[in-house]
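Values in this text are rule-based calculations from the coordinates and carry no lab data. Being a predicted model, the structure only gives us computed values, none of them experimental. Don't worry about glycine lacking a Cβ; one is built from the backbone with ideal geometry, like all the others, and counts go over all protein chains shown.
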Amino acid sequence: MHSSLEQMTVWGLVSEASLLVQAVMLSLVLASLVSWYLIVQRSAVLRRSEREAKAFLQRFRGSAELGQLQRECAAEADQDAGLQQLFQAGYGEYLQLQREPGIAADAVIEGVERSLLVAIAEQEERLEKGLPLLATVGSVSPYVGLFGTVWGIMNSFIGLSQVQQATLSTVAPGIAEALIATAIGLFAAIPAVIAYNRFSARVAGLGARYYSFGNELQGRLQRRLHSSASRVAAAA
């Protein structure tokens, strides 16, 4: 039978719980560990991406020669530097289309835009990695814990039917061990939900920054094309 009220401890209640309730608790603990790993890992990735985006935007706006900047970016090859990846994709497409004879300036800009959209989608996918799992842990964990609680309380009432007199000392341990499952579920869910909402907002902010940079790069390349076309027309 369960320990008396004076001897009740959390570990004792967990060890005396039924196998199903223990399995629920173990799954929730594992889900919590996974979510905390993702919280730490994604936080580092987003912080690094935000820092690199700010630094590269300053380099881009302060660089008069895009070719030199492109060579520097190719040498660095930092996967977390999202704006660098966008710049390399857009400017690389620009250089490739420029080599085609007789291509119109609008066609070049359209090709650069398509390349940038693909690169932005890839960066957004990289930044959102792990967020669906956090959302799943945050939404499912309370219900899993509640299932363990309901099962544990049901077993406690079944046990009560086998005793002559129901007292607090016979009811409390079973209910307490069942409620621990709900507590663990909330412990797993709350940080996951907070982190998911926070990370989603940061990913959305970086995405907006990527689209803004793509427009800025397109505008700069378009001015470059028009300037080249004007010089050719003047020479003719």
Legend entry - Under 13 Å, Cβ to Cβ, from GLY92 - net charge with Lys/Arg +1 and Asp/Glu -1: +2
Legend entry - Where trypsin sites (Lys or Arg not before Pro) fall in DSSP loop in the stretch 24-102, at most 13 other Cβ within 10 Å: ARG99
Legend entry - Extension gain from MET154 to ALA201, taking 0.36 nm per residue of separation minus the Cα-Cα distance: 12.8 nm
Inset, instruction - With label points built 7 Å along Cα→Cβ from the Cα atoms of LEU186 and SER139, find their separation and express it in nm. - result: 2.2
Legend entry - Extended-chain gain in nm, criterion 0.36 nm per residue less alpha-carbon gap, HIS226 and TRP36: 63.2 nm
Inset, instruction - Rounded to the nearest 0.05, what FRET efficiency do ALA55 and VAL29 give with R0 = 41 Å and r taken as the Cβ-Cβ distance? Could you check? - result: 0.55
